[in-house]
Amino acid sequence: MLDTIVYPAGGKTAFEFESNVADTSYYGYTNTNNGVIGGLRIKSIKNISNSDTLYKSYAYSKIGATTPIQSNLYHWQQEYTYIDYNVNVGTSWATTVKDVMMSAPLYPLTTSNQSPIIYSQVTEYAGKDSIQNTGKTVFQYDLPMDYNYNFQPVDMPRLLNSFHYDRGTYTPRLTAKKIYKQVAGTYSLISSLGNIYTHKNRLEFNTGLKFDRRTTYVSVNQYREYISSYDYVREFIYSDTKGYTDVDLLTQTRDTIFDTNGSYIVSKTLFQYDSTTLFVISDTTFSSKGDTIVTLFHYPLYFNNQSPYTTMVFRNILNPIIEKISYKNNIFLQSVKTNYGSWGNNIIAPATIQSQVLNNAAETRLHFYNYDNKGNVVSVAKENDSKSTYIWDYTQTLPVAEIRNADSASVAYTSFEADGSGNWSIGSNLRDTTTAITGSKSYNLSNGSISKSGLTTSRYYRVSYWTKNNSAYSITGNATGYPKQGKTVNGWTYFEHRITGQVQ
């Protein structure tokens, strides 16, 4: 388990765990271990700095699922049929059973593919525990819907992994959140949030058949040792396996804020969804002042007759919000629109972001100038502002440098650690792993030169590097007063040049 996160700039976060605990009667099965069941839960989180420690501690209650998840998904009595011989009674047929308890469902995807342990209420204290705190937040969650499991009973022993009903992974829905502050042992409610959900697109479909065979077990002696009474398949039973699709959509929230006098302000928001994509297409907020604020959301389908949105729809890129428009009491407030463009390499990404407020003309607020072949933004700038340019490395998954007031053709950077060259032309793929100013690699110029092409002769460029040489390298085009020498660290010295009049 994750124990501690230590941060490079100082400080750390420490986690404390404890066992999950349920009632002693769990899913119809008596728990003799003081209610302790499988898995762990967070007991506390400590954020530790050089001067202070901030605590969050947790309390859990109302463990459950449906009312509850049916016990036969986790517990069954394995039945054996046998011949019992008694000298006084004679031979007779009898049965015996063995209790089997599972930590996961016998039908693993019947309810979920995760632990059935779900807490319907979690309390987070802003302090060490339920006494030493400045306040608390109480979260309440919906439990899984009470589905009706009408599968055909199967003779024992049951086969595991039957996958009768696939309902995917259940994520508890937040139905309420209440925030309290504590003064002298008394909690006062500061705010509360309530959520209402609606079930959409509930469908059932067959996924196949599940077969089992009936097998009878008989005893071979008076000590009731059992063997199968049949060495061949006597009969099969089967049932449909099913899959289900449904989604729970947040359709209403109610937010209440309280003051010290007991007065409160209430706002309610209603959400509407597209019947096909299930994306939010509007939210309507009613405030305590009687105002109504409506926000509309437009997606690529709304602009399907325009380029590149037609291509986005064809490629099933449906979820980006292209335009957001807000009204107050039916009067236009503002809009924000992200204009997408085609950038080559099958990349469709934002080109500009425009904003309009009241009756003012729409203004462009942000420009995206180019992207790399993985869709990473390379240059971006606010309107009438300098550009920010990024260099991506580690197979173009992480930005390793940000350069201000320069375009992508004018910058280059590498630490020789990753696979990329950072816009440099490097004479060799060889790297020196025996010495480095940072990381674990450096480059020896005896393996080939390093250059940057595509420069403009009228511009000035800064070239900086760390070297183990005692003097700077010779670079054509140095301005007067350059190169300049910086500090020396562990035998490495920093030099900086100012170059002009060069195309490379």
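Annotations for the structure displayed:
- Number of residues in region 411-444 that are aliphatic (A, V, I, L, M), under 18 Å from Tyr494 (Cα atoms) and open to solvent by 70 Å² or more (accessible area, probe 1.4 Å): the value is 0.
- Among the residues of region 293-313, those identified as open to solvent by 40 Å² or more (accessible area, probe 1.4 Å) and farther than 19 Å from Leu250 by Cβ are Leu301, Tyr302, Asn304, Asn305, Gln306, Ser307, Thr310, Thr311.
- Residue among Asn20, Asn34, Asn50 that is under 19 Å from Ile118 (Cα atoms), exposed (fewer than 11 other Cβ atoms within 10 Å of the Cβ) and either at pLDDT 90 or above or out of contact with any Phe, Trp or Tyr (no Cβ under 6 Å at 6 or more places or on another chain) (or both): Asn34
- Subset of region 386-410 that is within 19 Å of Leu455 (Cα to Cα) and β-branched (Val, Ile, Thr) - its residue that is most open to solvent (accessible area, probe 1.4 Å): Ile403
- Residues satisfying the stated conditions in region 482-504, i.e. within 22 Å of Val411 (Cα to Cα), open to solvent by 50 Å² or more (accessible area, probe 1.4 Å) and in a loop (DSSP other than H, G, I, E, B): Tyr482, Pro483, Val503, Gln504
- Applying the criterion of at least 2 residues that are more than 25 Å from Tyr340 (Cβ to Cβ) and either at pLDDT below 95 or of a type in the set (Gly, Ala, Ser) (or both) to the strands (runs of 3 or more DSSP E) found wholly in region 372-415 leaves 398-404.
- Check on Thr277, over 23 Å from Lys178 (Cα atoms), hydroxyl-bearing (Ser, Thr, Tyr) and surrounded by fewer than 14 Cβ atoms within 10 Å (Cβ to Cβ): yes
- Counting residues in region 158-179 that are exposed (fewer than 13 other Cβ atoms within 10 Å of the Cβ), of a type in the set (Gly, Ala, Ser) and modelled with pLDDT under 75 gives zero.
- Any pair with Cβ under 9 angstrom, 6 or more apart, that starts in region 1-17 at a residue that is loosely packed, with under 11 Cβ neighbours inside 10 Å and modelled with pLDDT under 90 and ends at one that is of a type outside the set (Ser, Thr, Tyr) and part of a strand (DSSP E or B): Met1/Phe15; Met1/Phe17; Met1/Leu40; Leu2/Phe15
- Filtered residues of region 314-327 (kept if aliphatic (A, V, I, L, M) and buried (at least 16 other Cβ atoms within 10 Å of the Cβ)): Ile322, Ile325
- Note on region 328-371: among residues that are aliphatic (A, V, I, L, M) and assigned to a loop (DSSP other than H, G, I, E, B), the one that is surrounded by the most Cβ atoms within 10 Å (Cβ to Cβ) is Ile347.
The values are calculated or read from the model by the stated rules, or taken from the named source; none is laboratory data. Small disclaimer: the values here were computed from a predicted structure and weren't measured. Methodologically, a virtual Cβ is constructed for each residue, glycine included, from the backbone with ideal geometry; neighbour enumeration extends over all protein chains shown. The accessibility values were calculated without ligands, DNA or RNA, using every heavy atom of the protein model including side chains. Shrake-Rupley method; radii C 1.70, N 1.55, O 1.52, S 1.80 Å.
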